[in-house]
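> Take this structure first; my questions come after.
The values are calculated or read from the model by the stated rules, or taken from the named source; none is laboratory data. These figures come from a predicted structure and were not determined experimentally. Positions of Cβ are backbone-derived with ideal geometry, glycine not excepted, and every protein chain shown enters the neighbour counts. What goes into the accessible areas is simple: the full protein's heavy atoms, side chains included, and nothing from ligands, DNA or RNA. Shrake-Rupley method; radii C 1.70, N 1.55, O 1.52, S 1.80 Å.
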Amino acid sequence: MKIILIGHPRSGTNSLVEILRCQPGLTIVNEPFCEEYASWDPSNTDYRARLARGESFATLIDELFGKFDGIKELSYQLEGDTLRQLVRRPGVRVITLRRRNLLQTAVSFLLAERTGIWKRWDADAPPAADRFGKPYPAVGSEPAGEPISPGPDNRLIDRYRNLDPLEVDVVRGRMAWTAQEIARIDEAVAGIDMLPLVYEDLYLGTPESQQSEIAALWKFLDLPSIDSSRIGFFLSDAVRQANQTTYGRVSNVAKIEDALGSDMTGHLRF
């Protein structure tokens with residue numbers, strides 16, 4: 001089994017990695033070509049530096065697949081032709097994840113940069129903690145049949161206190177950049193057999209539609225369906241920080257919505 005998961009920032013790939021990890025024995029490496037990968041854990045290899053020194057991209061991917069069943073990357077981390085090389089590698093099963101609402105995506109990205117909360121469970125650790133790429137702390141430790149419980153909501157809210165306004169032009173620019181990354185992904189996977197997933201369908205749909213999306217995922221990967229409270233947890237609101245309590249703390253949310261909200265690129269509603 002060789003899995004490639006590609007998305008743009010804030011598309012929900014971290015939660016999808018945790019869903020994939022619910023399959024017994026399935027190992028997924030999180031963003032090995034991120035510029036910070038080597039700093040997340042002392043044992044991590046600096047693949048980005050090795051690539052910059054001229055090592056073969058194909059050889060590095062061979063090395064990764066020797067250790068893991070799957071690789072998750074964000075499109076911007078794969079420069080030049082490497083994104084196309086990765087998704088068109090023989091024998092891999094490619095999953096893409098994108099978000100329709102470009103406005104929410106842009107605001108989410110900018111606030112993640114400011115707060116350091118790239119995943120909901122980042123709020124449970126100090127801002128300077130080296131935690132990115134690690135599984136949610138409760139994963140694998142919850143008693144059988146019992147749901148996973150997130151950290152106290154006040155930890156998340158505290159990290160969003162005193163947020164400065166977001167400049168409309170900066171939000172607009174991040175929307176345009178996200179659209180370009182989506183276009184890069186679409187071009188790279190054009191014509192290949194792959195599974196395209198959409199954030200709004202996977203995470204914001206009805207329980208029935210979510211179950212259908214997960215069933216399609218397992219079918220595409222030729223993996224058995226599994227009954228796990230962890231899957232439901234990572235599909236739920238418990239792991240999403242985008243809501244009125246958090247993002248609503250940005251003082252000029254209404255101004256951003258008035259300037260950039262549209263039916264084509266999305267509205268800033270949580």
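> Which percent of Cα-Cα pairs in the stretch 1-95 sits in each 10 Å bin, short to long?
Each 10 Å bin holds this share of Cα pairs: 15, 54, 30, 2.
> Give me the dipole magnitude in Debye, nearest 20, for the chain about the Cα centre, with unit charges on the beta carbon: positive for Lys and Arg, negative for Asp and Glu.
120 debye
> Counting only protein heavy atoms and a 1.4 Å probe, tell me what percentage of the chain's accessible area is made up of carbon and sulfur.
51 percent
> Looking at the P(r) of the chain, how many percent of alpha-carbon pairs lie beyond 30 Å?
In whole percent, the share of Cα-Cα pairs in the chain beyond 30 Å is 29.
> Is it possible to state the helix-based mean residue ellipticity at 222 nm for the chain, with each DSSP H run of 4+ residues giving -39500 (n - 2.57), the sum divided by total residues, to the nearest 500 deg cm²/dmol? What is it?
-12000 deg cm²/dmol
> Continuing with this model, one more query. Take the chain, connect every pair of alpha-carbon atoms lying under 10 Å apart with a spring to form a Gaussian network, then pick out the residue of GLY80, GLY116, GLY248 with the largest mean-square fluctuation.
Greatest mean-square fluctuation among the candidates belongs to GLY80.
> Suppose R0 equals 45 Å; then what is the FRET efficiency for SER212 and ALA52 from their Cβ-Cβ distance, rounded to the nearest 0.05?
0.60
> Which whole-number value in Å² is the accessible area per residue of the stretch 25-125, probe 1.4 Å?
39 Å²
> Here's a follow-up. Along the charge dipole of the chain, pointing to its positive end and built from +1/-1 on Cβ of Lys, Arg, Asp and Glu, which listed residue (GLY66, TYR247, LEU195) has its Cα farthest out?
TYR247
> I'd like the distance between the alpha-carbon centres of the stretch 204-226 and the stretch 82-116, rounded to an integer number of Å.
20 Å
> Another one. Would you list which lysines come within 24 Å of LYS2, measuring only between C-alpha atoms, while excluding same-chain residues fewer than 8 positions from it?
LYS2 reaches LYS67, LYS72, LYS134, LYS219.
> Another question, then. Under a straight-distance cross-link criterion of Cα-Cα below 16 Å, which aspartates and glutamates are reachable from LYS255, leaving out those fewer than 8 residues away in the same chain?
ASP164, GLU167, ASP169
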